[in-house]
Amino acid sequence: MSPALISLLVLAGIAVLYATELVPLGLAAVLGCVLMVLTGAADFSTAFRGFADPVIFLVGGMMVVGEALFATGAAQELGDRLTRASRGNERVLLLLTVLATAGLSAFLNNTGTTAVFIPIVSGLALASAGKIRPKNILMFVAFAANTGGMLTLVGSTPPLIAQAALQNAGLRPFGFFEFALIGLPILAAYLVYLLVLAYPLARRRFWEEAVPAVAASAHNPTRRWKKLCALGVLALCVGLFATEPIPLALTAVIGALLVLLLGCVSPKELFSRFDWNTIFLLAGALGMAAALEKSGGGKLVADWALGLLGHAFSPWLFLAVVSGVGIVLTQFMSNTATMAMLAPIALSMCRSLGVNPHPVLMALATVTAAAYATPVGTPPNALVLVAGYRFRDYVIFGGLVVLISYALVVLLVPLIWPF
C-alpha cells in the first residue's frame, strides 16, 4: 500500500476519534503522528514537525500572556470597560467583537488577532455577573478571524500563494482589495447566519455553562502594578503584531517571558492552569498535515476528484470540483499547505484546458481560508478551545459556514471573474 493511501487511512481513523472524542483531542492528534511513523506514511521528523512549528510558539506564548491577564485581574478590568460600552448586551458585544476581529484580520495575523480578543472577552464575561458567556462568543470570533483573512491580499497566506502563482506565470496579479469582492459577501452572509441562527442556537446549547467568579483587588498596590504590567505586555504584543518587525512567534515568546519575569503570574500557577490539550492538538494536527502533504495523500485526493470530471468537463464544474477538494482538505490540513499543493495543479490544468486561471485561483484562495468545521483546521479555531468547546461544536456551528462559503464561491466567483 502506498504511503499516500496509508496517510489518508490514518487521517480517517483520527477523524473518527475527533468526532467521537473517545480520547482527548490532543491525545488523538499525537496518536495520529505516531501512526504516520509506524505505518511508514512519513518519517519521524515530518510527522512531529508540528511540535517545532512557529504557530505553536505563537499560540503557547499568547496563552501565557492571557493567563497573566487573568491572574492579575487585568482581563476583568478590560471586561468592565467593554461591558459599559456594550451596556451588558451579549448580542451587541458579539457583533462588535466579530466586526473588529474581521476588520483587524484583514491586515493582521489571524492567530494574533484571536489571541488578543480571548482574554478581553473572557474578562468581560467575568465582569458581567453571568450575563455574558465566553462560549457564546469566542468560537464566532475565531470564525470572524478566518473570514477577515479573505478580504485582502495580506489577510492570510492563500491569497499570497495565488498572487505568486500568477506573477510567476506572467499573468495579471490580483489587486490588494480585489479579494474583498468575494470576501465581503461571505462576511455579510456569515453575519446574517450568526445573528439569526448561530447565536440563538449557541445560547440554547451552552445555557447551562456557568461563568466562574474571579476575585481581584484593584486596591492592592502590588496587584495594581502587576495588572498594569500585564496590560503593558499585551499592548506591546499588539503593536509588534501590527508592525511585524520580528516574527510573530518571537513576539509571543517575548510576551510570555515578560509576564513571568515581571511576576504577573507564577510558573507554578501557570503550569497548573495551562491548556496543554490545545497545544498537543494543534502540534499533532500540524504534524499529520505535514505527513499528509509529503506522502502525497492530499494530491491523491485532488487527482481522484479531478479524474472524476472525465468528459463532463466544463469550466464551472472544474472550479466547483477544485474548490470542493480545497475546502475539504483545509479542514484537516493547514490552509498554506492546501493552497500550495492545489495552486500549481489548478494553474497547470487551466493552461491545458484554455481556462482563465483568475477565477480558479481566487476560488481556491477563498475556500482554503474557510476552515470552520474542525478545531484543527486553523490556529484561531484551536485557540478558542480554551472556552471548553468540543469537536462536535465546530461541526455544528462551522459546518454550515463551510457550505455557505462554498456555495457563494461557486456561484459568485465566475460572475466576477469570467472564465
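The values are calculated or read from the model by the stated rules, or taken from the named source; none is laboratory data. Values in this document were obtained by computation on a predicted structure and should not be read as measured data. Heads up, the Cβs are rebuilt from the backbone with ideal geometry, glycines too, and the neighbour counts pull from every protein chain shown.
Within region 321-361, being more than 30 Å from ARG49 (Cβ to Cβ) and either crowded, with 17+ Cβ neighbours inside 10 Å or touching a strand residue (DSSP E or B) at 6+ places or on another chain (Cβ under 7 Å) (or both) holds for CYS350, VAL355, PRO357, HIS358, PRO359.
Being more than 28 Å from ILE56 (Cβ to Cβ) and in contact (Cβ under 8 Å) with a residue 60 or more places away in the chain narrows it down to one of LEU383, LEU361, so name that one. Give the derivation first.
Numbers: LEU383 fails: more than 28 Å from ILE56 (Cβ to Cβ).
Matching residue, one of LEU383, LEU361: LEU361.
Among what's in region 38-57 and is more than 21 Å from PHE274 (Cα to Cα) and touching a residue at least 12 places away in the same chain (Cβ under 8 Å), pick the residue that is surrounded by the fewest Cβ atoms within 10 Å (Cβ to Cβ). Per the criteria, the residue is GLY40. Considering the conditions (1) under 29 Å from ARG273 (Cβ atoms); (2) hydroxyl-bearing (Ser, Thr, Tyr); (3) modelled with pLDDT of 90 or more, THR378 is excluded by exactly one of them, (3). The residues of region 348-396 that are in a helix (DSSP H, G or I), of a type in the set (A, V, I, L, M) and under 21 Å from VAL328 (Cβ atoms), listed by number, are MET349, VAL360, LEU361, MET362, ALA363, LEU364, ALA365, VAL367, ALA382, VAL395, ILE396.
Taking region 377-393 as the range and being of a type in the set (Ser, Thr, Tyr) and under 11 Å from the mean Cα position of the chain (by Cα) as the test, only THR378 passes.
Taken together, the residues in region 1-36 that are in contact (Cβ under 8 Å) with a residue 40 or more places away in the chain and over 17 Å from ASN277 (Cα atoms) amount to 10.
Residues that are surrounded by fewer than 15 Cβ atoms within 10 Å (Cβ to Cβ), small (Gly, Ala, Ser) and assigned to a helix (DSSP H, G or I) within region 242-300 comprise ALA242, SER272, listed in sequence order.
Checked across region 209-225, the condition of being in contact with a helix residue (DSSP H, G or I) (Cβ under 8 Å, 6 or more places away or on another chain), modelled with pLDDT of 85 or more and not hydroxyl-bearing (Ser, Thr, Tyr) holds for no residue.
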